[in-house]
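Worksheet for the structure shown next.
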Amino acid sequence: MSPQRDKYFEKFISEYEFIRSAEGRGSRDSKYYLALPYQDLSGRNTSQWKIRSRTFRYIEEHILAPLADLQSKPLRILDLGAGNGWMSYRLALMGHLPIAVDLLTNDSDGLGAAGHFNRTLPEPFPCVQSEMDHLPFPSSSFDLTVFNASFHYSENYEQTLGEALRCTRSGGAVLIADTPWYADDSNGRKMVEEKHTTFAAKYGFPSDSIKSLEYVTPERLQKLQAKLSIKWDIYDPFYGVSWALRPLRAKLFNRRTPSQFRIYAAWVA
């Protein structure tokens, strides 16, 4: 990235790394990384990794496998918001050709941690530090682009999705996975307010140095569809009975309606 963009994201990266460390992300043991997303050997973020693993299994079975069958060769896959590189590792084990992209490069929760995976692979997957709005790849470079629990960090959904579409070939797809969805904007705004208040009380700052949009709604998705001339395919993985009952529990206890997770696929014409 340019020095100007490095400077722009400096505070966000610093605060984000502080919070992630406080949450117990990462390990010195390679076994921790190699077990992801199916096991969280630290036991600190087990519920989140259960969501990630079910999302990944769904993508593998319902999107990756059919796309790979059509192409009859390894898929070139862009992993946006790759974090420590766990998804790229899983994709590489399947024989695909992923590139991991993230802002973070530290050795515990950023791209620096990908060494734990790459040391076990015949061919290491590349890791690239980049922001999502200005990707350093030629147009039509990838068969599949995946926003890996990362789309909601965007400050401009149209710009971010448009850049992903640019990098994806005709016949390929862009996926948005594990981004919070709300039926109406008011619950999304409440979630953001709650998060900033909680962070300010717990960490001493609200973590709002960049104006991430934080969630999607039907209206936001429809606007993107119209602006970018795409059509969404929407997939609904099952995250378990407890997850499915969250809206009912929220209603019983008069709480804000919780987010839902879906997978959104835009196929490139």
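At least 3 residues that are under 21 Å from residue 180 (Cα atoms), open to solvent by 10 Å² or more (accessible area, probe 1.4 Å) and of a type in the set (Asp, Glu) in each: list the helices (runs of 4 or more DSSP H) lying fully within the range 52-123 that qualify.
So the answer is none; nothing clears 3.
Can you tell me which residue is nearest to residue 90 (Cα to Cα) among those in the range 136-167 that are open to solvent by 10 Å² or more (accessible area, probe 1.4 Å) and of a type in the set (A, V, I, L, M)?
149
Given the conditions (1) under 26 Å from residue 36 (Cα atoms); (2) surrounded by fewer than 22 Cβ atoms within 10 Å (Cβ to Cβ); (3) in contact with a helix residue (DSSP H, G or I) (Cβ under 6 Å, 6 or more places away or on another chain); (4) polar (S, T, N, Q), which single one is not true for residue 179?
(2)
Of the residues that make up the range 52-75, is at least one free of Cβ contacts under 8 Å to residues at least 24 places away in the same chain, farther than 22 Å from residue 168 by Cα and touching a Pro at 6+ places or on another chain (Cβ under 7 Å)?
Yes, that holds for at least one residue.
Please identify the pairs in which a residue from the range 162-187 that is within 22 Å of residue 59 (Cβ to Cβ) and without any contact (Cβ under 8 Å) to a residue 60 or more places away in the chain has its Cβ atom under 6 Å from the Cβ atom of a residue that is among the hydroxyl-bearing types (Ser, Thr, Tyr) and open to solvent by 10 Å² or more (accessible area, probe 1.4 Å), counting only partners at least 6 apart or on another chain.
166/139
When you look at residue 38, is it in contact with a strand residue (DSSP E or B) (Cβ under 8 Å, 6 or more places away or on another chain) and either part of a helix (DSSP H, G or I) or of a type outside the set (A, V, I, L, M, F, W, C) (or both), yes or no? Outline the logic, then answer.
Working: in contact with a strand residue (DSSP E or B) (Cβ under 8 Å, 6 or more places away or on another chain): no; either part of a helix (DSSP H, G or I) or of a type outside the set (A, V, I, L, M, F, W, C) (or both): yes.
No.
Might you let me know whether the range 219-230 holds any residue that is open to solvent by 50 Å² or more (accessible area, probe 1.4 Å), at pLDDT below 95 and out of contact with any strand residue (DSSP E or B) (no Cβ under 6 Å at 6 or more places or on another chain)? Before you say what the answer is, go through the steps one by one.
Let us first name the residues in the range 219-230 that are open to solvent by 50 Å² or more (accessible area, probe 1.4 Å), namely 219-220, 222-223, 225-227, 229.
Checking the rest, the ones that are also at pLDDT below 95 come to none.
No, the range 219-230 has no match at all.
The values are calculated or read from the model by the stated rules, or taken from the named source; none is laboratory data. Not measured: the values here are computed from a predicted model. We place every Cβ from the backbone using ideal geometry, glycine too, and count neighbours over all the protein chains shown. The protein model used for the area step is the full one, side chains on, heavy atoms only, and it has no ligands, DNA or RNA in it. Shrake-Rupley method; radii C 1.70, N 1.55, O 1.52, S 1.80 Å.
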